[in-house]
Amino acid sequence: MGAIPFSELFKTRQSAVPSSVEAAADGVAGPGPVALVDHEKLALVEQLEASGASLFWSTDPRGRIAYLSPSIPVMFGLASDELLGDPLQAHFVPADGEADGRSLGLKLATRKSFANLTVRSVRDSVDLVLRLSGKPHYDGLGEFLGFRGTGFDITEEFRGEEEAARLARFDSLTGLANRHRMEQRIDSTLAAFRAAKRQAAILMLDLDRFKQVNDTLGHAAGDQLLQQVAERLRAVVAGRGEIGRLGGDEFQLLIPDMDDRGELGELAKKIIAMISQPYSVEEGRCTIGCSVGIAIAPYDGVERDELTRAADLALYASKNGGRGQFRFYAADLEHEARLRKRMEEDLAQALESGHFSLEYQPQVALADNRVVGLEAQYCWQDEERGRVTPETFLPVAEGSRLIVPIGEWALRKACEDALGWPASLRVAVTISTVQFFANGFAAMVAEVLEQTGLDPARLELELRESILQGDPVAVDTALSALFKLGVRLTLDEFGTGFTSLGYLRRAPFTAVKLGAGFFESSVRHEHGDMGMVRAIAALAEALGMETHATGVHALGLLEELKKLGVAGAQGFVFSEALAAPQVLEEIARGEWRLAPTDSGSQRATRRTVFRKVGVIHEDHYYEVTLRNLSRSGAMIQGLCDVPVGTAFVLDFGQGQLAVCTVTRTMDDTQGVEFEQPLVDDGAGGLCTRARVSPYELAAAGAPLQALPPGKSSIGEAPRSYPQFKLANEAPAQPLRSD
């Protein structure tokens, strides 16, 4: 509806009076025809205003309100004349988001007619949306007198359309963005960030064991669970990015301006821990898990399709790695999936062929350095791969559930070996979460004890904290059955999860064990987080439990742990893992005590690797072999005559560069210390926090694209006139030991 010409519609009563007087002067009784018409027009206006079907407004030449239908001030909680004299845009702004009101003020300032402008009240307490039309009004001499116009109250219509638009962009169950909105947000963010050379991360989340909740407690419980998951995600993300539910139990996060893989890894760990906490729904209590895949623009892609595909591949890898994990995208993930499949087949064959063995690491009582137990550790000797570490194959075994038969073999073998030891020595076996929840686990333990004849009191089962996040009924039933068998139960890697103190108080654990992560150097203390260790030791004592530590490699740390009341420890400060025959040799010497030795400092856990990496020194580039790796340093082989103190840059490929310094050297082998520690890659490995940005490569003339797979991000550096001599090396080996 266009603007209604006020000059025709509104006639003042004052103008109607002369017509009546003139009629009376002519001897005509009653008001004249013109007065009757004007009266009807005014009555019609008042009726329209009173019914709310339409409203009227006018301004003076300066845009100040001269007239406003009485119903509007009432909605503002004001008297009918309290808005008069105020600028119209002081009370109404466009409803399309331009909250400063410039569009409305501009239309009035240009003195041009307008129609169907949607405005809303500037007051949040007043829910009012109007559709205004207006037309400039001039007197007979062409002097501008102001605007006159009409309007309609479209609040209900507007809110309905707004809700429909919201439902089209947001998930109706959780209130999070839906797939369509997330695609739009990612597209617009990546386009804008590409121009500004900024980074963004996408996290793909998938809930573990959600189907079990739907199947056992019903879909209503599943809906309540999803709503609680959404609330927890909002709490963790805390406004740093957009959260979306793509459908079912799949969620997606867009985190702008973040490419630090240390921060992203910590965020993923926090998400996994928060989502893994128990939930209360009307039908009961339930627990689920979460797996996370992470991709970062522009390193892993510059368009939405390639970036989301990269995050999906990382999510798939994290689920295959045993669930409850996070993974960063890497170019070799598809190749890794094939390697994983092959390893699953080889693990099954190795179990049948007897290629597994156990080694035992002594557990020492700190009061008198007496060996009180031995922890069984897996060893796999493969014909092609050589010695494969447990950190490499156990996640594959857990993901494929091969850990169930492998774990049963290990338990039986450990009990058989322990029969040849003194009765004072117990044997400890770490139990996988998958193995613990397998059908008949407690019955299997009872059967092994009966068949081997081992005293149950000599068997210690080390249970990871993640076990307690499973179905409470199943956990309580299994723990109760194991406790009745008389075996010793230890809560392994305590402090890495979120165990309820109330549950810990009533659970039948004999001891808690602290992992090596507590003892890695920190800014506050060279021996790690001693304040936390002190608190855990005090808590364990209050609950009638012992505290043990694993991964202790330095004498200084050992002394600290003694002062804090830690009862036992194991690690290189006492002994590495021993083969079964070596254990028997030590036992044969009499009472087994181990004097601690100091090998230097408490270094971060090292991973044995064998792969080619690059070394950059000044303007020279060398290819060397990486022998082992930890958060703080590495050992490389392949260069001769390298003095201590030499600064290098290690090129791990795919844009990963680490500045380091040579701390020790011998022949063609150097130990280096990183300037900035490496961070978890989510797969049991390590990676650099940052990478060389494709934006930097593009600035040097390369096309803007994700980092190329399998290639050094810096290209070929000059190799002429090297400062250091390359040692004679064997042919290059595969990039991965598996």
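The values are calculated or read from the model by the stated rules, or taken from the named source; none is laboratory data. Note that the structure is predicted; figures quoted are calculated from it, not measured. We place every Cβ from the backbone using ideal geometry, glycine too, and count neighbours over all the protein chains shown. Just so you know, the surface numbers come from the protein's heavy atoms only, side chains and all, with ligands and any DNA or RNA stripped out. Shrake-Rupley method; radii C 1.70, N 1.55, O 1.52, S 1.80 Å.
Expressed as a whole percent, the proportion of Cα-Cα pairs in segment 76-211 lying more than 17 Å apart is 73%.
Solvent exposure of segment 556-678, expressed per residue, is 46 Å² of accessible area, with all protein chains present and a 1.4 angstrom probe.
Separation of segment 214-248 from segment 289-306 is 21 Å, based on Cα centroids.
Rounded to two decimals, the Cα-based Rg/Rh of segment 525-589, with Kirkwood Rh, is 1.08. Calculated on the Cα set of segment 217-354, radius of gyration then Dmax: 17.2, 54 Å. If R0 equals 45 Å, the separation of the Cβ atoms of A79 and K197 corresponds to a calculated FRET efficiency of about 0.20. Spin-label pair V649-Y138: with each label point 7 Å from Cα along the Cα-Cβ axis, the two points sit 7.2 nm from one another. Every pair of different Cα atoms in segment 163-281 enters the Kirkwood calculation, which places the hydrodynamic radius at 15.2 Å. Could you check how much of the accessible area of segment 260-370 is carbon and sulfur, as a whole percent, using a 1.4 Å probe? Carbon-and-sulfur percentage of accessible area, whole number: 44. Once the C-beta distance of D215 and R342 is scaled by a Förster radius of 35 Å, the resulting FRET efficiency is 0.60 to the nearest 0.05.
Sorted into 5 angstrom bins from 0, the C-alpha pair distances of segment 366-517 split as 2, 8, 17, 22, 21, 16, 10, 3, 1, 0 percent.
The modelled label-to-label distance between A238 and A365, using points 7 Å beyond Cα along the C-beta direction, is 4.6 nm.
At an R0 of 45 angstrom, the distance between the Cβ atoms of E266 and L145 translates into a FRET efficiency of 0.10. Remark: segment 370-497 carries 40 Å² of accessible area per residue (probe radius 1.4 Å; ligands, DNA and RNA excluded). Per residue, the convex hull spanned by the Cα atoms of segment 160-222 amounts to 99 cubic angstrom. Heavy-atom surface analysis with a 1.4 Å probe gives segment 385-427 a carbon and sulfur content of 52 percent of its accessible area. For segment 143-206, the set of GluC sites (Glu not before Pro) satisfying both a DSSP loop assignment and a count of at most 12 other C-beta atoms within 10 Å is given as E143.
The alpha carbons of segment 133-179 stretch over 62, 19, 10 Å along the principal axes, in descending order. Expressed in units of 2.2 N^0.38 Å, where N is the residue count, the Cα radius of gyration of segment 300-414 is 1.37.
Taking 7 Å steps out from each Cα toward its Cβ at D598 and L106 produces label points 7.4 nm apart. The separation of segment 316-384 from segment 662-682, counted between C-alpha centres, amounts to 24 Å. Taking the 1.4 Å solvent-accessible surface of segment 140-209 as the whole, the part contributed by carbon and sulfur is 50%.
The share of C-alpha pairs in segment 350-425 whose separation exceeds 15 Å stands at 62 percent. Residues in segment 186-256 average 40 Å² of solvent-accessible surface per residue, probe 1.4 Å, ligands and nucleic acids excluded.
Let me test this: with uniform point scatterers at the alpha carbons of segment 210-263, what is the Debye-based log₁₀ I(q)/I(0) at q = 0.15, 0.18, 0.27 1/Å? One equal scatterer on each Cα of segment 210-263 leads to -0.52, -0.67, -1.07.
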